[in-house]
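K.L.:
Let me give you the structure first, and then I'll get to my questions.
What follows is calculated from the coordinates using simple rules that are stated; it is not laboratory data. Fair warning: this is a prediction, and the values are worked out from it, not measured in the lab. Here the Cβ positions follow ideal geometry from the backbone for every residue, glycine too, while neighbour counts run over all protein chains shown.
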Amino acid sequence: MTEIEIGRGKRGRRAYSFDDIAVVPSRRTRDPEEVSVSWQIDAYHFDIPVMAAPMDSVVSPETAIALGQLGVLPVLDLEGLWTRYEDPATQLAEIAALEPGAATSRMQQIYAEPIKPELITERLRELREAGVTVAGALSPQRTQQHWKTVVDAGVDLFVIRGTTVSAEHVSGRAEPLNLKRFIYELDVPVIVGGAASYTAALHLMRTGAAGVLVGFGGGAAHTTRTTLGIHAPMASAVADVAAARRDYLDESGGRYVHVIADGGVGTSGDIVKAVACGADAVMLGAALARASDAPGAGYHWGPEAHHPELPRGERIELGAHASLEEILFGPGRQADGTTNIIGALRRAMATTGYSDVKEFQRVEVVVSPYLGA
């Protein structure tokens, strides 16, 4: 692959974001109603290829149930407000009312409340009793501390999500999480990430993960690129990880690991391009935080925003534009790709002649960097 000379002592590979590419119609078209956008991971089938991000502004127990009934795989943040407070309505209202300059420091104080194992159990019980797929997320740092509580509570899918998660964490201070042994001994499928390179993803697949989250630092509320200098142009990252999935499929004798784009997926066009680059599904944060019935009340933030020592995110105002159902299925009321996102995915697949998500991963893609044109 062609490298670009940054200077005499450093070369770099050109990478592309979703804004840099476009899909190309083929010789065939279809009716949108005849297109399937469902996907399945392990034994769990979903009507649409969407995971709701484990962020307090997006997923509460109540919205998890609503999203699950709409065909989404909702993931509850098990380090969030709902596992720190019996009823976090007061804290959510306060976060929404904070002045921008005071938001980070006050959120650090709010999230200093300890995680309560009994609340993890209670929140997952609420989801299970509602009949939706139960998925919860922990950071790699908290997984060793709380995984048994999560599994004992009856979780269906376990998500380990961090800025970046590796299969080879090295620590001289404490025994790191042995991801391969952990996944092997667990009775539930594990989705893990972020990863943004072929090699990192391949190593995660070899641990036995059922899915790999692609990306870090690309979300609307993240400042990872500014703070740490780390960024993953998502079109290239998804394509690289999809290549790792293909090679691991051969290496393992047929074991398929799902690729989930996580970050930089803000509009329906981004979802279309993520699947075109090889994603089986997308994880949505800001796209769902815009909902009038989302817990963030028009604001959005991730766990990086209240890190006690080095915040790598911020609380941002998105506004509340439509219901969760309208955002997913319409009718669309804005022409900016933020409502009826599944309808847009169906139409893009139909326009290019593909009948399901797996087929659409083979669509022709061109480099087309013309923002605003």
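K.L.:
Please give the length that would be gained between Asp250 and Arg225 if that part of the chain were fully extended, namely 0.36 nm times their separation in residues minus their C-alpha to C-alpha distance (nm, one decimal). Could you put the intermediate results ahead of the total?
P.N.:
On the way: separation 25, 0.36 × 25 = 9.00 nm, distance 3.44 nm.
Full extension of this stretch gives 5.6 nm more.
K.L.:
Another question, if that's okay. Please get the size of the charge dipole for segment 15-367, origin at its Cα centre, with Cβ charges of +1 on Lys and Arg and -1 on Asp and Glu, quoted in debye to the nearest 20.
P.N.:
Numbers: 29 positive and 44 negative charges, 155 e Å.
Approximately 740 debye in magnitude.
K.L.:
Work out how far the C-alpha atoms of segment 5-87 reach from end to end along every principal axis, then list the three figures in whole Å, largest first.
P.N.:
57, 46, 24
K.L.:
What residues have an amide H closer than 5 Å to that of Arg30, excluding those fewer than 5 places away on the same chain, when H is modeled at 1.01 Å from N in the peptide plane?
P.N.:
Thr351, Gly353
K.L.:
With a cut-off of at most 10 other beta carbons within 10 Å, and DSSP calling the residue loop, which GluC sites (Glu not before Pro) in segment 264-330 qualify? Please list them. Could the numbers behind the result be given before it?
P.N.:
Values: sites: Glu304, Glu309, Glu314, Glu317, Glu325, Glu326; in loops: Glu309, Glu314.
Counting only loop positions with at most 10 other Cβ atoms within 10 Å, the GluC sites (Glu not before Pro) in segment 264-330 are Glu309.
K.L.:
With a cut-off of 8 Å between alpha carbons and a minimum separation of six or more residues, what is the relative contact order of the chain in percent?
P.N.:
Details: 800 pairs, mean separation 86.2, N = 373.
This gives 23 percent for the chain.
K.L.:
From the phi of every residue in segment 186-200, what ³J(HN,Hα) in whole Hz does the Karplus formula 6.51 cos²θ - 1.76 cosθ + 1.60 yield, where θ is phi - 60° and glycine or proline is x?
P.N.:
With coefficients 6.51, -1.76 and 1.60, one gets 7, 8, 10, x, 10, 10, 9, x, x, 9, 9, 10, 4, 5, 4 Hz.
K.L.:
A further question on this structure: What FRET efficiency would be calculated for the residue pair Ser292, Lys10, taking the C-beta separation as r and a Förster radius of 35 Å, to the nearest 0.05?
P.N.:
Numbers: r = 48 Å, r/R0 = 1.36.
Here the calculated transfer efficiency is 0.15.
K.L.:
Which FRET efficiency value, to the nearest 0.05, is calculated for Ala335 and His45 with the Förster distance at 41 angstrom and r the Cβ-Cβ distance? Before the final figure, lay out each step's value.
P.N.:
Values: r = 32 Å, r/R0 = 0.78.
Using R0 = 41 Å, I get an efficiency of 0.80.
K.L.:
Compare the peptides 290-302, 35-47 by average per-residue count of other Cβ atoms within 10 angstrom and give them in order, highest first. Please list the in-between numbers first.
P.N.:
Values: 290-302: 23.1, 35-47: 16.0.
Packing order, densest peptide first, comes out as 290-302, 35-47.
K.L.:
Can you tell me the Rg and the Dmax, both Å, for the Cα atoms in segment 113-162?
P.N.:
Every Cα atom of segment 113-162 included, Rg and Dmax give 10.4, 30 Å.
K.L.:
Multiply the residue gap between Lys358 and Glu317 by 0.36 nm, knock off their C-alpha separation, and tell me the result in nm, one decimal place. Before the final figure, lay out each step's value.
P.N.:
Details: separation 41, 0.36 × 41 = 14.76 nm, distance 3.51 nm.
My answer for the length gained is 11.3 nm.
K.L.:
Give the residues of segment 279-309 whose amide nitrogen is closer than 12 Å to a point set 7 Å from the Cα of Thr90 in the direction of its Cβ.
P.N.:
Residues passing the 12 Å test: none.
K.L.:
Can you pull the Kirkwood radius for segment 15-367, inverse mean 1/r over Cα pairs, to one decimal in Å? Kindly include the intermediate steps, with their values, before the conclusion.
P.N.:
On the way: mean 1/r = 0.0494 Å⁻¹.
The Cα-based Kirkwood calculation yields 20.2 Å.
K.L.:
Okay, moving on. In sequence order, what are the phi-derived ³J(HN,Hα) couplings for segment 352-360 according to the Karplus relation 6.51 cos²θ - 1.76 cosθ + 1.60 with θ = phi - 60°, rounded to whole Hz, with x for glycine and proline?
P.N.:
9, x, 10, 9, 8, 4, 4, 5, 5
K.L.:
A follow-up question, please. Over the chain, how many pairs of lysines fall under 28 Å by alpha carbon, counting only those 8 or more apart in sequence or from different chains? Show your work: numbers first, answer last.
P.N.:
Working: Lys116/Lys148; Lys116/Lys180; Lys148/Lys180; Lys180/Lys358; Lys273/Lys358.
Lysine pairs meeting the criterion: 5.
K.L.:
Which FRET efficiency value, to the nearest 0.05, is calculated for Val366 and Leu310 with the Förster distance at 30 angstrom and r the Cβ-Cβ distance? Display every interim value, and only then the final one.
P.N.:
Working: r = 39 Å, r/R0 = 1.30.
Efficiency computed from Cβ-Cβ geometry: 0.15.
K.L.:
At 222 nm, what value in deg cm²/dmol follows for the chain if DSSP H runs of at least 4 each add -39500 (n - 2.57) and the sum is divided by all its residues, to the nearest 500? Kindly include the intermediate steps, with their values, before the conclusion.
P.N.:
On the way: 14 runs with 129 residues, N = 373.
After summing the helix terms and dividing by the residues of the chain, the value is -10000 deg cm²/dmol.
K.L.:
Sort segment 6-50 into rounded, prolate or oblate with this rule: let a ≥ b ≥ c be the square roots of the eigenvalues of the Cα gyration tensor; rounded if a/c is under 1.5, and if a/c is not under 1.5, prolate when a/b is larger than b/c, oblate otherwise. Walk me through the numbers before you get to the answer.
P.N.:
On the way: a/c = 4.76, a/b = 1.83, b/c = 2.60.
Because a/c hits 1.5 or more and a/b fails to exceed b/c, segment 6-50 counts as oblate.
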